[in-house]
Amino acid sequence: LKKSIQGTETIRFNPFEGDGSGGNQSFATALLNETGDGVVFSSLYARDRMCVFAKPIKGFDSDHELSTEERGAIEKARHTLPSA
């Protein structure tokens, strides 16, 4: 069970706040197991395009640079774990 997804969290945000594009359609979603391994998916939405990213997570961190929203999703998912 320790390797199954047990911690999840989604944070919605507007990366283009102030210029009227995007709204709160962008998101970061963390899916973690009990040891902090998993993935964080994020999307950046604008009126003319949408980009989706996936970053592997190992021990609640990643070798890839994480945005503030991605780190927030990981931290909130961490607190939903049974051992938290």
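The values are calculated or read from the model by the stated rules, or taken from the named source; none is laboratory data. Remember, predicted model here, so these are calculated numbers, not experimental data. No Cβ is skipped: glycine too gets one built from the backbone with ideal geometry, and neighbour counts run over all protein chains shown. With ligands, DNA and RNA removed, areas are computed over all heavy atoms of the protein, side chains included. Shrake-Rupley method; radii C 1.70, N 1.55, O 1.52, S 1.80 Å.
Counting the residues of region 30-84 that are open to solvent by less than 20 Å² (accessible area, probe 1.4 Å), under 18 Å from Lys3 (Cβ atoms) and either part of a strand (DSSP E or B) or in contact with a Cys (Cβ under 8 Å, 6 or more places away or on another chain) (or both) gives 4. Are there any pairs, at least 6 apart or on different chains, whose C-beta atoms fall under 8 Å, with the first in region 14-38 and polar (S, T, N, Q) and modelled with pLDDT of 95 or more and the second open to solvent by less than 60 Å² (accessible area, probe 1.4 Å) and not in a loop (DSSP other than H, G, I, E, B), and if so, which? If the second residue must be open to solvent by less than 60 Å² (accessible area, probe 1.4 Å) and not in a loop (DSSP other than H, G, I, E, B), the pairs left are Thr29/Glu9; Thr29/Ile11; Thr29/Val40; Thr29/Ser42; Thr29/Ala73; Asn33/Gly7. Taking Ala77, is it small (Gly, Ala, Ser), in contact (Cβ under 8 Å) with a residue 24 or more places away in the chain and in contact with a strand residue (DSSP E or B) (Cβ under 6 Å, 6 or more places away or on another chain)? Considered against the rule, which asks whether it is small (Gly, Ala, Ser), in contact (Cβ under 8 Å) with a residue 24 or more places away in the chain and in contact with a strand residue (DSSP E or B) (Cβ under 6 Å, 6 or more places away or on another chain), Ala77 comes out as yes.
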